[in-house]
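Data first, discussion second: the structure below is written as structure tokens.
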Amino acid sequence: WGRLCLLLSLLLQLPGSQAKCYFQAKAPCEYEGKQFSLGESWLSTNCLLCTCLHPIGVGCCETTQHPIDFPDWCEAHYDSQTCQISVVQKANPSLPCVKKKGEKHKWGSAAPPEP
């Protein structure tokens, strides 16, 4: 049990990030027909990094940080193929949202944008 608790605590504290993590007790260590054993990880289709913590469940953490401070004329654009989020102009999503010189967008673990 000590090793499982250590693994769970490491999973829930990804270094250098503020990602949200989730734990499902008694969840099966199976994804898309593939069986995983204790300590093995996989990337889900919604960009969550999941780790098998058999027999106690599965832990999953977000892999991206979400923008939490950008101008009203911009929006967060989520690319499910690359698991990346960018801030673009609402009027022309092909252009990045640029703040005043020297300012940067703030990133955090706010809820992901709705698809």
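Per residue, the range 20-63 exposes 57 Å² of accessible surface when a 1.4 Å probe is rolled over the protein heavy atoms with every protein chain present. Close amide-amide hydrogen proximity is noted between E40 and C52, each under 5 Å apart and 5 or more residues distant or on a separate chain (H modeled in the peptide plane; Pro and chain starts excluded).
Using a 1.4 Å probe over the heavy atoms of the protein chains, calculate the carbon and sulfur portion of the accessible area of the range 65-104 as a whole percent.
It is 51 percent, rounded to a whole number.
Note on the range 65-104: the C-alpha convex hull projects to 3.1 nm² when averaged across all orientations.
Taking all protein chains together and rolling a 1.4 Å probe, K34 ends up with roughly 120 Å² accessible.
The values are calculated or read from the model by the stated rules, or taken from the named source; none is laboratory data. What you see is a predicted model; the values in this text were computed from it and never measured. These area figures cover heavy atoms from the full protein model, side chains too; ligands, DNA and RNA do not enter into them. Shrake-Rupley method; radii C 1.70, N 1.55, O 1.52, S 1.80 Å.
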